[in-house]
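Have a look at the structure below before the remarks.
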Amino acid sequence: MNNKMTKLFAGLAFALMTVILPGAVHADDREDKAVNAAQTWLNPVDQGNYSQSWQQSADFFKTLVSKDKWVNALQRVRTPLGQIKSRVLMSADYKTEVPGAPDGHYVIIKFATSFENKQNSTETVTPVLDKDGKWRVAGYFIR
């Protein structure tokens, strides 16, 4: 390959990187912000302050589940598991559609979690980009 062709390919590669990479960085940033929001939201849950977790949830979530129902559900499901021993991020996947919710910007986050009374579990936390531009949790599930 001659020097002219090498420069042409290098120029094309650079042009492609300037088009592709900003979107990739944006996607990573979006997922990082959602993971941070999920971890912040999990703090009151870990401390048994279920009412505070409801207050910090997404607007969509609060219209579907009353504070009393949320607190009662977590008391039945989460309290028996005991204190958290470890939580490790497994995945964070951006979606625009999730079952049972309006289209939007969601990140489905899975944590490998160990509790006092349940060694191997998976917590799924789903933040949504709320109307004010902040990531807030709209779903939580333990398996």
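Structure notes:
- Only one entry in Lys110, Lys134 is out of contact with any strand residue (DSSP E or B) (no Cβ under 7 Å at 6 or more places or on another chain) and within 19 Å of Asp32 (Cβ to Cβ), namely Lys134.
- Region 86-106 residues that are assigned to a strand (DSSP E or B), paired with ones that are basic (Lys, Arg) (beta carbon under 6 Å, 6 or more apart): Met90/Lys110; Ser91/Lys110; Tyr106/Lys95
- Members of region 56-89 that are hydrophobic (A, V, I, L, M, F, W, C), modelled with pLDDT of 95 or more and closer than 18 Å to Ala34 by Cα: Ala58, Val88, Leu89
- Number of the condition not met by Gly100 [criteria: (1) more than 10 Å from the chain's Cα centre (by Cα); (2) more than 24 Å from Lys67 (Cβ to Cβ)]: (2)
- Every condition in (1) of a type outside the set (A, V, I, L, M); (2) in contact (Cβ under 8 Å) with a residue 60 or more places away in the chain; (3) not in a helix (DSSP H, G or I) holds for Phe60 except the one numbered (3).
- The set of residues from region 107-123 being assigned to a strand (DSSP E or B) and over 14 Å from Arg136 (Cα atoms) comprises Lys110, Phe111, Ala112, Thr113, Ser114, Phe115, Lys118, Gln119, Asn120, Ser121, Thr122, Glu123.
The values are calculated or read from the model by the stated rules, or taken from the named source; none is laboratory data. No experiment lies behind these values; they were computed from the predicted model shown. No Cβ is skipped: glycine too gets one built from the backbone with ideal geometry, and neighbour counts run over all protein chains shown.
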